[in-house]
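Beneath this line is the structure, given in structure tokens, with notes to follow.
The values are calculated or read from the model by the stated rules, or taken from the named source; none is laboratory data. Here the structure is a predicted model, which means the values were calculated and not measured. Cβ placement follows ideal geometry from the backbone for every residue including glycine, while neighbour counts extend to all protein chains displayed.
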Amino acid sequence: MRLQRAVALSIIASVLCLPLSVVAQSTQLKDLGVGKMLVAPRDCPDANFAKAVILLVQIDENGAVGLMINQRTTVPISRALDSLKSAINHKDPVYLGGPVDGSTVLALLRASSKPEEARRVVGDVYLVGARTLLEKTLAAGTGPSEFRTYLGYCGWGTGQLEREMKLGAWYIFDGNARLIFDSDPESVWSRLIARTEQKVAQTRLSAPGY
């Protein structure tokens, strides 16, 4: 019993580095929405989504679209987007947005006001899909703390994501710009999973007779 309590306290301590604005996870369908983040569980059965953190950028009657924010590649923007003249000097890497249509290029941009041809996702984070806006943002030299590009995306048909939620396939977190543009994207999943385990540990510690 003492060992279990020590492990639980260790889990709680391990998540103190998370931004205070990150809200603990949910598994409720009512909490799905644009700007929410889906976090894969440790036992995710689909290799395409193992350790994935996905920002939902669109949900409607036809299904849902999201971008994996933590799958950084080693391919620079200049190489991946070589058809765009303004990408030529950009050495920042592109991200794998998901397993669907790797030829699709989307981007996330932080901006103080809504850019033309962009769609707000959460806070000051906007989804960019228009070539003209991609060109303009690249030409401005916007860095990775405010602008990231993604090849491919995650897609769900009508009712598919809701069915996955009922099977316990995802944890839901509120979107957070600091995590979306985190300087260490590879660790985002482990930090959010630790937050999930913190909640489990706290529940167990507060249970009668523990």
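Of the residues making up the range 91-121, those that are under 20 Å from V34 (Cα atoms) and among the small types (G, A, S) are G97, G98, A107, A111, S112, S113, A118.
Considering only residues of the range 119-154 that are of a type in the set (G, A, S) and out of contact with any Pro (no Cβ under 7 Å at 6 or more places or on another chain), which is farthest from K85 (Cα to Cα)? Filtering the range 119-154 for residues that are of a type in the set (G, A, S) and out of contact with any Pro (no Cβ under 7 Å at 6 or more places or on another chain), the one farthest from K85 (Cα to Cα) comes out as G123.
If you take the residues in the range 95-109 that are at pLDDT 95 or above and farther than 19 Å from T132 by Cβ, which one is surrounded by the fewest Cβ atoms within 10 Å (Cβ to Cβ)? Step by step, filter the range 95-109, then rank; the result is D101.
Residue-by-condition table, conditions (1) outside any loop (DSSP other than H, G, I, E, B); (2) free of Cβ contacts under 8 Å to residues at least 60 places away in the same chain; (3) farther than 22 Å from T104 by Cα; (4) in contact with a Ser or Thr (Cβ under 7 Å, 6 or more places away or on another chain):
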residue: Y126; (1), (2), (3), (4): yes, yes, no, no
residue: E135; (1), (2), (3), (4): yes, yes, no, yes
residue: P144; (1), (2), (3), (4): no, yes, no, no
residue: G152; (1), (2), (3), (4): yes, yes, no, yes
residue: E162; (1), (2), (3), (4): yes, no, yes, no
residue: G168; (1), (2), (3), (4): no, no, yes, yes
residue: F173; (1), (2), (3), (4): yes, no, yes, no
residue: E186; (1), (2), (3), (4): yes, no, yes, no
residue: S190; (1), (2), (3), (4): yes, no, yes, no
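Within the range 133-147, one or more residues are basic (K, R), more than 18 Å from the chain's Cα centre (by Cα) and surrounded by fewer than 21 Cβ atoms within 10 Å (Cβ to Cβ).
Going by what's in this entry, would K51 be described as in contact with a helix residue (DSSP H, G or I) (Cβ under 9 Å, 6 or more places away or on another chain), under 19 Å from L167 (Cβ atoms), modelled with pLDDT of 95 or more and not hydrophobic (A, V, I, L, M, F, W, C)? When the stated conditions are applied, K51 passes them. Scanning the range 47-60 for residues that are free of Cβ contacts under 8 Å to residues at least 40 places away in the same chain and in a loop (DSSP other than H, G, I, E, B) gives a single hit, A50. When each of V34, V22 is tested for being closer than 18 Å to F173 by Cβ, at pLDDT 95 or above, buried (at least 17 other Cβ atoms within 10 Å of the Cβ) and under 19 Å from the mean Cα position of the chain (by Cα), the lone residue that passes is V34. Filtered by the rule that a residue be touching a strand residue (DSSP E or B) at 6+ places or on another chain (Cβ under 8 Å) and part of a helix (DSSP H, G or I), the range 75-95 gives I77, A80.
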